[in-house]
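Trainee: Mind having a look at this structure? Questions to follow.
The values are calculated or read from the model by the stated rules, or taken from the named source; none is laboratory data. Note that the coordinates shown come from a computational prediction; the quantities given were computed from them, not determined experimentally. Here Cβ is always computed from backbone atoms with ideal geometry, including for glycine, and neighbour counts include all displayed protein chains.
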């Protein structure tokens, strides 16, 4: 790191820099901290995304926190005097970009309950806490077909997952190939089919989710 800094002219601020490690013993962690002069942490926030050593905590650290923040914002905005179209526009301008960013950067499998709860708080805001006058599916339909263009969260999520699956399977992008290590025995793309190994089974669940989405779209 010192040589890297000398070449680029940068210096690491040890007080602000932390390390995220995976699959090493407590003893090795302490030795690594001593050698590097950096503190090891359980999670790091990078470009608005919480990265952790455990994939199983990604939803709780990112999606659950964002859901709670969106719920809080909608409750605050609920007092504003907005029309139906104004409330839908608010969702598209303020909520959609945040959720779509998570879908694109951390495309994990989400259960039906997540989308059900998200639709519930969105519907409550759109109708200002009153009984819905139009079905949710009709609101989420395109304007060309008589809908109002309210975001269909499950559809956005499926699209985000399929984009990643396409890259993993085709391996046509040079940057992906470089990171993957396609010329070695096991690249990231191989994890998609390795459901027997516990370390890699998490990747297989994403592939299964994508396969389900593709079959649903065909229907």
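Trainee: Go through segment 70-89 and give me each residue that's free of Cβ contacts under 8 Å to residues at least 60 places away in the same chain, crowded, with 17+ Cβ neighbours inside 10 Å and more than 23 Å from residue 49 (Cα to Cα).
Mentor: 87
Trainee: Just give me the residues in segment 16-45 being more than 25 Å from residue 56 (Cβ to Cβ), surrounded by fewer than 10 Cβ atoms within 10 Å (Cβ to Cβ) and over 29 Å from the mean Cα position of the chain (by Cα), in sequence order.
Mentor: Correct list: 34, 35.
Trainee: Among the residues of segment 90-116, which ones are touching a strand residue (DSSP E or B) at 6+ places or on another chain (Cβ under 9 Å) and crowded, with 17+ Cβ neighbours inside 10 Å?
Mentor: 102, 106
Trainee: Mind checking which residues of segment 107-120 are out of contact with any helix residue (DSSP H, G or I) (no Cβ under 8 Å at 6 or more places or on another chain) and assigned to a loop (DSSP other than H, G, I, E, B)? Talk me through it step by step, then tell me what you get.
Mentor: The first filter runs over segment 107-120 and keeps only residues out of contact with any helix residue (DSSP H, G or I) (no Cβ under 8 Å at 6 or more places or on another chain), leaving 111-113, 116, 120.
111, the sole residue that qualifies.
Trainee: Looking at segment 30-52, which of its residues are within 24 Å of residue 97 (Cβ to Cβ) and part of a strand (DSSP E or B)?
Mentor: Taking segment 30-52 as the starting set, the residues that turn out to be within 24 Å of residue 97 (Cβ to Cβ) are 43-52.
Across segment 30-52, the qualifying residues are 43, 44, 45, 46, 49, 50, 51, 52.
Trainee: Here is a check on your reading of the model: is residue 104 at pLDDT 95 or above and either at positive phi or in a helix (DSSP H, G or I) (or both)? Please lay out each step first, then the result.
Mentor: Working: at pLDDT 95 or above: no; either at positive phi or in a helix (DSSP H, G or I) (or both): yes.
No: the conditions fail for residue 104.
Quick grid of which residues meet (1) in a loop (DSSP other than H, G, I, E, B); (2) within 20 Å of the chain's Cα centre (by Cα); (3) at pLDDT 95 or above; (4) crowded, with 16+ Cβ neighbours inside 10 Å:
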| position | (1), (2), (3), (4) |
| --- | --- |
| 122 | no, yes, yes, yes |
| 129 | yes, no, no, no |
| 132 | yes, no, no, no |
| 165 | no, yes, no, yes |
| 168 | no, yes, no, yes |
| 178 | no, no, no, no |
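Trainee: Consider residue 80 carefully, then state whether it is assigned to a helix (DSSP H, G or I) and over 24 Å from residue 46 (Cβ atoms).
Mentor: On the way: assigned to a helix (DSSP H, G or I): no; over 24 Å from residue 46 (Cβ atoms): yes.
No, not satisfied.
Trainee: Return yes or no: is residue 150 surrounded by 15 or more Cβ atoms within 10 Å (Cβ to Cβ), assigned by the TED database to the domain that holds residue 77 and part of a loop (DSSP other than H, G, I, E, B)?
Mentor: Against the criterion (surrounded by 15 or more Cβ atoms within 10 Å (Cβ to Cβ), assigned by the TED database to the domain that holds residue 77 and part of a loop (DSSP other than H, G, I, E, B)), residue 150 qualifies.
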